[in-house]
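A short write-up of the structure that comes next.
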Amino acid sequence: MRHIRACNNAVLPGDRTAFRIGAARVGWLPPALAEALAAHPAIRHEGEALVLDDAGALDGIAGEMAARGFGRRRGELFDVRAAADPDGPALARIDRGALPAFGIAATGVHVNGLVQTQAGVSVWVARRAADKALDPNKLDHVVAGGVPAGMTPWETLIKEAEEEAAIPAALAAQALEVGRISYALERFEGLRLDRLICYDLWLPEDFRPDPADGEVAGFELWPLDRALATVRDTDDFKFNVTLVLIDLFLRHEMIAPGEAAALRAALYTVAADRA
């Protein structure tokens, strides 16, 4: 439960200002960034919100703000959608590094790489590379990644599986969507409003993932009981990976019924003011 609470520590809207593209709210701006944007010639006030009418100008403005210390540039564009319609049309694009600064939601895919062995179910665990900008050396899923601009979650899964773990497309395509988890988290980089699309991928017992792109230091196959104990007792896993694993433990009925009911309610409850 502490992991679920830790990933939902943001109070919304709190002291933030609504940021809109036209009529659609897309983000929540902290006070300092709201003050900086209020002086920008492309931004106008409407009630208590700040509004950008020229959606194509968003990433350029984000770049200007990054130069002033609001967010950073990662060289990867993400789609921006209305907060109330996360599966709707993209309204604009913005550099991934600006998402937390602007309080704009992002979608990611997380894959449980599972293996049925004689001893029971095991899960592939990755260790993030030591030079990762975020959460270096933390334990991770066999495949996980944000959905870039112009791509679907499924396309992202297939791409990331090949790039991160050398899982062939035909094998990765056997993944099954098992749930969606969202959270509102304040971190050092800003407000993380993430939606995780979770998959199970059953891998052959003789298959071994390979860290193809250098983002992962290596992979280990763990009994599911070991993963549960590690989540329960430590902070070794990357913060959002814990949520997806908790969902996995619940679905495999590894948690006592009374505790499972409380965890399930907390994990899947999304505050209305996040929409």
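The values are calculated or read from the model by the stated rules, or taken from the named source; none is laboratory data. What you are looking at is a predicted structure, and each value in this text was computed from that prediction instead of being measured. Backbone-built Cβ (ideal geometry, glycine too); neighbour counts: all protein chains shown.
Screening Leu29, Leu33 for residues that are over 20 Å from the mean Cα position of the chain (by Cα), modelled with pLDDT of 95 or more, outside the structural domain of Gly146 (by TED's automatic domain parsing) and surrounded by 12 or more Cβ atoms within 10 Å (Cβ to Cβ) leaves exactly one candidate, Leu33. Taking (1) free of Cβ contacts under 8 Å to residues at least 60 places away in the same chain; (2) farther than 26 Å from Asp206 by Cβ in turn, Ala161 satisfies each apart from (2). In the set Gly75, Gly60, only one residue is surrounded by fewer than 17 Cβ atoms within 10 Å (Cβ to Cβ), assigned to a helix (DSSP H, G or I) and not β-branched (Val, Ile, Thr); that residue is Gly60. Within the option set Val111, Val125, Val142, being within 22 Å of Asp235 (Cβ to Cβ), over 17 Å from the mean Cα position of the chain (by Cα) and either surrounded by 17 or more Cβ atoms within 10 Å (Cβ to Cβ) or of a type in the set (D, E, K, R) (or both) holds for one residue only, Val125.
Look at (1) free of Cβ contacts under 8 Å to residues at least 60 places away in the same chain; (2) in contact with a helix residue (DSSP H, G or I) (Cβ under 7 Å, 6 or more places away or on another chain) and you find that Leu12 fails only one, number (1).
Identify, from the list Gly179, Gly190, the residue that is closer than 30 Å to Leu29 by Cβ and not polar (S, T, N, Q).
Gly190 is the lone residue from the list that is closer than 30 Å to Leu29 by Cβ and not polar (S, T, N, Q).
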